[in-house]
Amino acid sequence: RKEVEQDPGPFNVPEGATVAFNCTYSNSASQSFFWYRQDCRKEPKLLMSVYSSGNEDGRFTAQLNRASQYISLLIRDSKLSDSATYLCVVSHTGTASKLTFGTGTRLQVTL
Amino acid sequence: ETGVTQSPTHLIKTRGQQVTLRCSSQSGHNTVSWYQQALGQGPQFIFQYYREEENGRGNFPPRFSGLQFPNYSSELNVNALELDDSALYLCASTLGTGNYGYTFGSGTRLTVV
């Protein structure tokens, strides 16, 4: 079983739609949680950190459920420019604070 | 403030050869991590260097090795290349060994034929 599991998609949604991505993680010692965005053939870029209290950044809302080991990302009013792969990432501080990535969920927003 | 730069951007090597990839960390960052991203997969942690010492390693064989220099730049060396080593190799820098503040370079795309 992979440490971070995501539905690879693709999710094809029309512009203006609301779309939600989910992710589960297996390591209960995970301490930090993130969503990264990766455009085709580019490097991953941090979209937002995820906190238990939930957090919002404009059209993006992230939630963490530690009990269920579940992370979500909600995108409201989708834009064409949101088309990308969204990577769920967890981390725990051990010998090295490595980031553990899911395989990513691909989003395609269409006219 | 300069970001993370990696070189070369693309590389084609033959099976069995050796390759060296380079990374200059972002100004002010002293930790460099290397990741391998195969097509259709998320990045996988190879190893991390902090203050010129290896500070953790993922599930990669010893033919993957690295260095960090006093200016915090880093190299990733892969010996005895295999076809499955074909991937995007990403370097990420940060300050210290915490979980935040990673900046990724745009990667080196390695093709092994």
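Every number in this text was worked out from the coordinates using simple rules, so none of it is lab data. If you're wondering where the values come from, they're calculated on a predicted model, not measured in any experiment. In this analysis, Cβ positions are derived from the backbone assuming ideal geometry, glycine residues included, and neighbour counts consider all displayed protein chains.
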Practice item. Obtain the nm distance between the two label points defined at B:S106 and B:R51 by a simple spin-label model: each point lies 7 Å from its Cα along the Cα-to-C-beta direction. Key: 3.4 nm
**Study point:** Options A:C88, A:A20, A:V109, ranked by Cα towards positive dipole end of chain A, top entry (Cβ charges)
**Key:** A:C88
Review point. Trypsin sites (Lys or Arg not before Pro), restricted to the range B:1-90: which are DSSP loop and have at most 13 other Cβ atoms within 10 Å?
Key: B:R15, B:R51, B:R63
Check your understanding: Simple spin-label model, 7 Å along Cα-to-Cβ: A:N12 to B:S7 in nm?
Key -> 4.3 nm
Revision key, fill the gap. Within chain A, cysteines having no neighbouring cysteine beta carbon under 4.7 Å are A:C40
Practice item. Compute the signed sum of charges (Lys and Arg +1, Asp and Glu -1) over the other residues within less than 9 Å, Cβ to Cβ, of B:V19. Key: 0
